[in-house]
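Structure first, commentary second.
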Amino acid sequence: MGVSGVGKTTIARSLAVRLGAQFIEADDYHSSENRKAMEKGIPLNDKMRLPWLLSLCSAAGTARETGNVVMACSALKRQYRDLFRIHIGQVQFVYLHASREAIA
């Protein structure tokens, strides 16, 4: 988890390979409406994010049936992480942080 550009996808892909886990890129699960909003620079609100988060819960839950899963997802709000805990079960979060200079 972390802000845009911090390296979530790069780190998560690498970790998934090392663990022999399935990788899920959360951005791939956004609806076309959410994608259009983001392309226009419109930030997503909680109502817009909920279907996306629930689809991630479903995908991760299904993937966990066959092994470990590593997901690249911002999940910056506690309520989003709590949703994963409720719907997926045991989860571990890794918070990635970098300076603005490193991200730029």
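Just so you know, all these numbers are worked out from the coordinates, no wet-lab data involved. None of the values given here were measured: they were computed from a predicted structure. Backbone-built Cβ (ideal geometry, glycine too); neighbour counts: all protein chains shown.
Identify which of 64, 81, 35 has the largest mean-square fluctuation in a Gaussian network model of the chain, with springs joining Cα atoms closer than 10 Å.
So, out of 64, 81, 35, the one fluctuating most is 35.
Largest first and to the nearest Å, give the Cα extent of the chain along each principal axis.
Cα extents, longest axis first: 38, 32, 23 Å.
Starting at the first residue of the stretch 68-77, write each ³J(HN,Hα) from the Karplus equation 6.51 cos²θ - 1.76 cosθ + 1.60 with θ = phi - 60°, in whole Hz, x for Gly and Pro.
6, 10, 10, 10, 9, 8, 4, 6, 6, 8
By how many nm would the segment from residue 91 to residue 55 grow when fully extended, if each residue of separation counts as 0.36 nm and the alpha-carbon distance is taken off?
On the way: separation 36, 0.36 × 36 = 12.96 nm, distance 1.62 nm.
Gain on stretching residue 91 to residue 55: 11.3 nm.
Check cross-link reach from residue 36 to the aspartates and glutamates: straight Cα distance under 17 Å, and skip same-chain residues fewer than eight apart.
Qualifying aspartates and glutamates at Cα under 17 Å: 27, 28, 46.
At 7 Å along Cα-to-Cβ for each site, give me the label-to-label distance between residue 47 and residue 11 in nm.
It is 3.3 nm.
Could you run the Karplus curve 6.51 cos²θ - 1.76 cosθ + 1.60 with θ = phi - 60° over the stretch 84-93 and give me ³J(HN,Hα) per residue in whole Hz, x for Gly and Pro?
With the stated coefficients, the stretch 84-93 comes to 4, 4, 5, 8, 9, x, 5, 9, 10, 10 Hz.
Please arrange 65, 33 by counting, for each residue, the other beta carbons lying within 10 Å of its beta carbon, fewest first.
65, 33
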